[in-house]
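Reviewing the structure listed below.
The values are calculated or read from the model by the stated rules, or taken from the named source; none is laboratory data. Only a predicted model underlies this, so the values are computations on that prediction, with no experimental measurement involved. Note that we place each Cβ from the backbone using ideal geometry, even for glycine, and neighbour counts take in every protein chain shown. The protein model used for the area step is the full one, side chains on, heavy atoms only, and it has no ligands, DNA or RNA in it. Shrake-Rupley method; radii C 1.70, N 1.55, O 1.52, S 1.80 Å.
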Amino acid sequence: MPNTIRPLIAGNWKMNGLRASLREIRAMAEKVSGKDRPDCDVLVCPPATLLAEAVALSADSPLATGGQNCHVARTGAHTGDVSAEMLADAGARFVIVGHSERRSDHGETDGVVQAKARAALDAGLVPIICVGETGAQRLDALAITVVEHQLDGSVPQLQENEQIVIAYEPVWAIGTGEVATPADILRMHASIRDWLVSRLALKGQETRILYGGSVKPENAAEILALANVNGGLVGGASLKARDFLAIADAA
Ligand code: PGA
């Protein structure tokens, strides 16, 4: 299928960024508002402490902001957690759920990820649902099976007007400098597209599938040109506006 979907370049700052880093967000907001703006949607997901200020800095620009995680509940006795409603209230439009670091650091299962995605949708956010195999699963030729299984368990039922984004992030490629080969990415993204179309019909054809894992300015153009790659989820290279915007330009 040709890439007719408008790409989304999403930056995941993880547990990085202090107030001084807001200048990077200001630079991103300026660039996506300017006349040499990239031909794609651009999203930055800073740590929760910087979200409200990132929203304020991007208020007059098409730069979107998002959270990196949310709780399954709307409110309640969950010390230290942030709900989807709170993210939406702060001005976020997206939230990443099921990132492999959440799955491994916090034992988040597919069921938890699905409940988080549902909570995000109920709060009016677009969940970016992450899936991806580990290095060992890949060596055992289980990548496609593992990802299908994660999709089965992590994607909630959708109402007519609800949208999701899928991010394929092979765990072994995250923060390692290693990238899946174009052939591997093509195969996986085609498989995810088939899954989406079989479950969501027309909506499945229009759902964005992002690739993530060591996306950099140097490899972005090649990855983003692949069929069924509708953008990228970028960690390390999203912390500096210059690198992140170079990736957005490559889209
Ligand atoms: P990376 O992280 O770009 O630093 O590999 C990607 C991610 O974890 O979303």
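Worth pointing out:
- Mean Cα-pair separation over length for region 1-63, i.e. relative contact order, pairs under 8 Å, 6 or more apart, %: 46 percent
- Shape of region 1-146, Cα gyration tensor, a/c cut at 1.5: oblate
- Model label points for M15 and A136, set 7 angstrom from Cα along the Cα-to-Cβ axis, are 2.3 nm apart.
- Across K14/K203; K14/K216; K31/K240; K14/K240; K116/K216; K31/K116, pairs whose alpha-carbon gap is larger than 24 Å: K14/K203; K116/K216; K31/K116
- Distance histogram for the chain (every C-alpha pair counted, 5 angstrom bins, percent rounded to whole numbers): 1, 7, 15, 19, 21, 18, 12, 6, 1, 0
- Note on the chain: with a GNM built from Cα contacts shorter than 10 Å, the maximum mean-square fluctuation among H99, H149, H71 falls on H149.
- In nm, spacing of pseudo-spin labels at A190 and T4 (7 Å Cα→C-beta vector): 2.0 nm
- Counting only protein heavy atoms and a probe of 1.4 Å, the accessible surface of the chain is 52% carbon and sulfur.
- Distance between the pseudo-spin-label points of V197 and Q163 (7 Å out from Cα toward the beta carbon): 2.1 nm.
- Overall form of region 122-251 per C-alpha gyration tensor (a/c, 1.5; a/b vs b/c): oblate
- With R₀ fixed at 25 Å, the C-beta to C-beta distance from K35 to E222 puts the FRET efficiency at about 0.40.
- Region 116-183, relative contact order [Cα under 8 Å, separation at least 6], %: 41 percent
- Sequence-distant residues sharing a close amide H with R208 (under 5 Å, placed H): I166
- A Gaussian network model of the chain, with springs between Cα atoms under 10 Å, assigns the largest mean-square fluctuation among G135, G231, G91 to G135.
- Helix content alone sets the calculated 222 nm mean residue ellipticity of the chain: runs of n ≥ 4 DSSP H residues at -39500 (n - 2.57) each, divided across all residues, give -12500 deg cm²/dmol.
- Where the chain is the region considered: accessible area per residue in Å², 1.4 Å probe: 46 Å²
- Over the chain, relative contact order from alpha-carbon pairs under 8 Å, at least 6 apart, %: 22 percent
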